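All of the numbers you see were taken from the coordinates with simple rules; none came from a lab. None of the values given here were measured: they were computed from a predicted structure. Cβ placement follows ideal geometry from the backbone for every residue including glycine, while neighbour counts extend to all protein chains displayed.
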Amino acid sequence: MAKVIGIITCNYTSTEKDFTTAERPIAAAPFAGRYRVLDFPLSNMINAGIRTVGVIMPQNYRALADHLGAGKEWSLDRKNGGLFYLPGTAFGTARVGARFLIRDLIDNKAMLTRSTDGYVVFSSANIIFNADIAELVDYHIASGADITALTKIANEDDVDVVAFDEKGGLVKGMKYGVKEGELAFLDTFVIKRSLLLDMLDWYAASDHLDLFEAIFSNSVPVTIKTAPYEGYCAAIFNKTSYFRANMDMLDPAIANAVFPTGRYIKTKTHDTPPAKLETGSKVTKSLVSAGSRIYGEVSGSVLGRNVIVEPGAKVSNSVIMQGTVVKTGAVVDYAIVDRNNVIPAGTVIKGTADDIFAKDKARD
């Protein structure tokens with residue numbers, strides 16, 4: 001593959017504020033028990049052989065920094081290249097919907113000017129998918145376009161996903177919000193590094209805009225082509241989409257597509273013993289992460305590390321995050337329970353398929 005650096009943007013907000021973004025950015029939200037959402041775009045880049053990756057950090061970056069560390073798990077703790085923490089726009093100026101804010105790129109221009117690599121792969125950190133980025137780069141070079149964006153035909157409406165208007169093989173416009181059947185942008189694209197540097201100069205006066213907003217609102221000609229993605233993907237911007245994507249991982253066909261052999265999703269390692277299903281427990285169609293101990297019943301649920309479900313407790317259709325204890329006789333159904341909570345004995349926490357109950361992270 002051609003020489004490429006990667007940049008992942010985490011400094012943006014969604015249209016809906018809820019527990020997933022109250023104290024952590026979307027990128028740091030736990031997923032499928034043992035992962036974080038950021039693991040997917042980062043692993044996509046690492047699996048393509050990219051060894052220099054910058055992560056544009058949000059103001060609430062603590063959970064991200066704790067998860068990434070020096071980048072060891074992704075082979076980014078290296079002398080040449082490696083993992084770079086890049087400062088994002090100051091609190092209060094990041095715009096809803098703008099994933100590739102020009103101001104963030106200008107502020108971190110040094111990473112681009114110091115590199116000698118020919119191309120840059122950009123990704124946001126809110127879409128779950130496993131794609132061959134090396135193939136995307138090759139596709140881009142062969143296309144002759146200035147930018148090649150990864151896209152998929154939307155199978156449902158989503159107010160947070162960007163839709164592209166494509167005519168004659170070229171993207172002519174964009175809008176925030178995609179309808180079923182429209183061309184959805186997967187927030188991943190390839191661009192030549194030298195062109196990107198030129199564009200940051202061209203659009204310096206519009207640094208409050210998203211890069212693609214600037215392109216479509218100016219007369220400077222930039223050709224954008226699309227590369228189709230046929231696999232599974234899930235955009236996570238709010239409670240409902242977060243819950244649905246986690247539940248999707250209980251389907252073996254989807255799980256095999258997201259975690260294929262040979263293109264592994266890497267994450268922070270923990271020295272934790274395997275999960276233990278105690279005598280008398282019952283677990284069906286669920287993901288139970290390391291360190292968890294199940295005495296009661298669990299069905300159709302995703303459990304993070306070190307979760308305890310005591311005898312007589314029942315957990316169903318729920319996402320239970322790390323360190324939570326569900327006490328004897330408690331019932332949890334259609335809920336998302338953030339980390340380190342204790343659900344008291346006999347308590348009933350119950351949402352519905354259309355209105356998931358969300359319990360915030362326990363306070364110290």
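Suppose R0 equals 41 Å. What FRET efficiency, 1/(1 + (r/R0)^6) with r the Cβ-Cβ distance, do Lys79 and Val159 give to the nearest 0.05?
With a Förster radius of 41 Å, E is 0.40.
For Cα pairs less than 8 Å apart in space and 6+ apart in sequence, what is the mean separation divided by the residue count of the chain, i.e. the relative contact order in percent?
16 percent
Going through the cross-link list Lys239/Lys350; Lys109/Lys266; Lys175/Lys359, which pairs have a Cα-Cα distance over 24 Å in this structure?
Violating the 24 Å Cα-Cα cut-off are Lys109/Lys266; Lys175/Lys359.
Pick out, from Gly49, Gly118, Tyr334, the residue whose Cα sits farthest towards the positive end of the charge dipole of the chain, with +1 on the Cβ of Lys and Arg and -1 on the Cβ of Asp and Glu.
Farthest along the dipole direction, towards plus: Gly49.
Out of Val222, Gly169, Gln59, whose Cα points farthest toward the positive end of the dipole of the chain (charges: +1 Lys, Arg; -1 Asp, Glu; placed on Cβ)?
The Cα lying farthest towards the positive end belongs to Gln59.
Over the stretch 276-359, calculate the relative contact order: mean separation of alpha carbon pairs under 8 Å at least 6 apart, over the residue count, as a percent.
Values: 258 pairs, mean separation 16.4, N = 84.
Reported as a whole number, the value is 19 percent.
Roughly how tilted is helix 133-143, in degrees to the nearest 10 and between 0 and 90, from the longest Cα axis of the chain?
20 degrees
For Lys361, go through the aspartates and glutamates and keep the ones whose alpha-carbon is under 13 Å away, minus same-chain ones fewer than eight residues off.
Asp18, Glu23, Asp338
When the Kirkwood hydrodynamic radius is evaluated over all pairs of different C-alpha atoms of the stretch 35-109, what value in angstrom, to one decimal, is obtained?
Details: mean 1/r = 0.0751 Å⁻¹.
Hydrodynamic radius (Kirkwood, Cα only) of the stretch 35-109 equals 13.3 Å.
Please figure out what share of the DSSP beta bridges in the chain is antiparallel and state it in percent, rounded to the nearest 5. Kindly include the intermediate steps, with their values, before the conclusion.
Numbers: 25 of 76 bridges.
Close to 35 percent.
Within 10 Å, at most 14 other Cβ atoms, and a DSSP state outside H, G, I, E, B define an exposed site. Report the longest part of the chain free of exposed chymotrypsin sites (Phe, Trp or Tyr not before Pro). Walk me through the numbers before you get to the answer.
Working: sites that count: Phe91, Tyr264.
It runs 92-263.
Given charges of +1 on the Cβ of Lys and Arg and -1 on the Cβ of Asp and Glu, with all other atoms neutral, how large is the dipole of the chain about its Cα centre, in debye to the nearest 20? Working shown, then result.
Working: 40 positive and 41 negative charges, 216 e Å.
In debye, rounded to 20, the chain gives about 1040.
Mind telling me which of Pro260, Pro87, Pro25 comes out most flexible in a GNM of the chain, alpha-carbon contacts under 10 Å?
Pro260
Roughly what angle does helix 193-202 make with the longest principal axis of the chain, taking Cα atoms, 0 to 90 degrees, to the nearest 10?
Between the helix axis and the principal axis of the chain, the angle is about 80 degrees.
Can you put Leu68, Leu42 in order of Cβ neighbours within 10 angstrom, beginning with the fewest?
On the way: Leu68 25, Leu42 28.
With the fewest neighbours first, Leu68, Leu42 line up as Leu68, Leu42.
Could you pull the Cα extents of the stretch 276-359 along its three principal axes, largest to smallest, in whole Å?
Projected onto the principal axes, the Cα atoms of the stretch 276-359 cover 33, 23, 23 Å.
Using a 10 angstrom cutoff on alpha carbons, build the Gaussian network for the chain and name the most mobile of Ala345, Ala184, Ala330.
Ala345
Just name one of Gly351, Asn317, Ala290: the one whose Cα is farthest towards the positive end of the charge dipole of the stretch 276-359 (beta-carbon charges, Lys/Arg +1, Asp/Glu -1).
The one lying farthest along the dipole's positive direction is Ala290.
Once both axes come from the Cα atoms, what is the angle between helix 239-248 and the longest principal axis of the chain, in degrees from 0 to 90, rounded to 10?
Long axis of 239-248 versus the principal axis of the chain: about 80 degrees.
State which stretch of the chain is the longest one without any exposed GluC sites (Glu not before Pro), exposure meaning a DSSP loop state and at most 16 other Cβ atoms within 10 Å.
24-155
What is the magnitude of the charge dipole of the stretch 191-242 about its Cα centre, with +1 placed on the Cβ of each Lys and Arg, -1 on the Cβ of each Asp and Glu, and no other charges, expressed in debye to the nearest 20?
200 debye
Looking at the stretch 75-203, I'd like the Rg to Rh ratio, where Rg is from alpha-carbon atoms and Rh is Kirkwood's inverse mean 1/r. Could the numbers behind the result be given before it?
Values: Rg = 15.7 Å, Rh = 16.4 Å.
Taking Rh as the inverse mean 1/r over Cα pairs, Rg/Rh reads 0.96.
What are the trypsin sites (Lys or Arg not before Pro) within the stretch 56-128 that DSSP puts in a loop, where the Cβ has at most 12 other Cβ atoms within 10 Å?
Lys79
For the stretch 4-258, what does the equivalent ellipsoid look like in terms of its semi-axes, each the square root of 5 times an eigenvalue of the Cα gyration tensor, given largest first in whole Å?
Result for the stretch 4-258: semi-axes of 24, 22, 19 Å.
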